[in-house]
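The values are calculated or read from the model by the stated rules, or taken from the named source; none is laboratory data. Everything numeric in this text was worked out from a predicted model, so none of it was measured. Counting neighbours? That spans all protein chains shown, and the Cβs are built from the backbone with ideal geometry, glycine included.
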Amino acid sequence: MSKAPAIPRFFLYGEPPVDVELDFLHVERIHARSGKHDWLIPPHAHPEHTQILLVQQNGGSFRVDGQDFPALAPSLMLIPVGMVHAISFSPGTDGVVATIANAYLREVARLEPAVLNAIRTPASHALPPGSAALLELSSAFEAMLREFIWHAPGRRAAIAAHLQRVLVELLRLAVPEEPDAAGVVRRNLDLVHRYRELIERHFRERHLIAFYADRLRVTSARLNVACRDAAGKSATNVLFDRVVIEAKRHLHYTNLGVAEIAHALGFADAAYFCRFFTRRSGVAPSRFRSERVISRKAAE
C-alpha cells in the first residue's frame, strides 16, 4: 500500500501541540500569526480544536474541505474541528481568533447543546455595521482576549462566560428561530448532532440508515424529518456527504490509489466507489485528483 503524505495538523498553525493549552483554548489577534506568514495560511487541520474568528478589519477568504467562503470585515468565521482548511487574508487584516479544544467546547455549551450542532459546519456570517450581533461579538471577543492575556484570578470562569456569549450569537446567526418553533428546532438539532457524531464513528463501515436510527432510538422516518429540517437534506445525504468529503480529502491530500481509498471507506468494490463518487460530486475520482493537481501547480 502506498504511503500517504501527512496533512499538517496543529493546534495553532506552526506550533506543535506541546506548546499550547490542549485542554483549554488560545485567543490572539489575527495579525499576530497571519502577519508572520505573509497573510497566507496553507492547508492544515486541527484534529481536536475548533476555530472561531471575528474579522474586524480588511479580510479575505478561506477554504474548508474544498468549499470557499468570503471573510470580509466585519464577519464571523467558523472552522470546525478536523477539517482541512486554508486562509488567505489581505495585508493588514485584523480581528480576534479563538482556537478551542472540543472537550472544553462541550463543557461550555452544556447549557445549550444546540450550539454543538451549529459549530459542525464551516460558515462565514457577515455582520452588518452597527448591528446588535456585531456589537455583542466585538465586546465578547475583546473581553475574552483581555482575560486570556491577563491571567488574573478567575480567568477560566471569565473566559467561559465570554465564550458562551460568542457561541450564543453563533447559534443565532446559524439558526434563526421563530419563538413558537424553538422547541422543535432544538430537538431536531440535537438529534442531527447525535447522528453526525455516530457518522464520525461508523461512516467507514457502510451501514444503512436503519443502523443509525436504531442506535439513536428513533425511526428512520423521524431521523429523515430532523435532517431535512436542521440540515436541509435527507439522512442518507448527510451520511453520503460525509463519505464524499473523506474521499476528497484522500484524493486531494494523499497519494493512495482509488482502490485503496475505496477500501479505506468500506467499499468492497472499487468500481462501485467510482460510480458513487461520480454521482455525488459530478466528476470521476481520477479526474477530481488530476484537476486538483493542475490547480495546485497553477497556484505555485
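Yes/no per residue for (1) at pLDDT below 95; (2) surrounded by 15 or more Cβ atoms within 10 Å (Cβ to Cβ); (3) part of a helix (DSSP H, G or I):
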{"site": "V225", "(1), (2), (3)": "yes, yes, yes"}
{"site": "G232", "(1), (2), (3)": "yes, no, no"}
{"site": "I245", "(1), (2), (3)": "yes, yes, yes"}
{"site": "Y272", "(1), (2), (3)": "no, no, yes"}
{"site": "S290", "(1), (2), (3)": "yes, no, yes"}
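Of the residues S286, S281, only one is touching a helix residue (DSSP H, G or I) at 6+ places or on another chain (Cβ under 8 Å) and surrounded by 15 or more Cβ atoms within 10 Å (Cβ to Cβ); which?
S281
With respect to R187, determine if the residue is under 30 Å from A133 (Cα atoms), assigned by TED's automatic domain parsing to the domain that holds L105 and at pLDDT below 90.
In short, no.
Quick check on V218: is it in contact with a Leu (Cβ under 8 Å, 6 or more places away or on another chain), β-branched (V, I, T) and not in a helix (DSSP H, G or I)?
yes
Output the number of residues of the stretch 132-158 satisfying the condition of being within 17 Å of I119 (Cβ to Cβ) and aliphatic (A, V, I, L, M).
Of the residues in the stretch 132-158, 4 are within 17 Å of I119 (Cβ to Cβ) and aliphatic (A, V, I, L, M).
Could you list, in sequence order, the residues of the stretch 48-87 that are in contact with a helix residue (DSSP H, G or I) (Cβ under 9 Å, 6 or more places away or on another chain) and not in a strand (DSSP E or B)?
E48, D65, G66, P74, V81, G82, M83, V84
Any residue at all in the stretch 134-143 that's part of a helix (DSSP H, G or I) and at pLDDT below 90?
Taking every residue of the stretch 134-143 in turn, none turns out to be part of a helix (DSSP H, G or I) and at pLDDT below 90.
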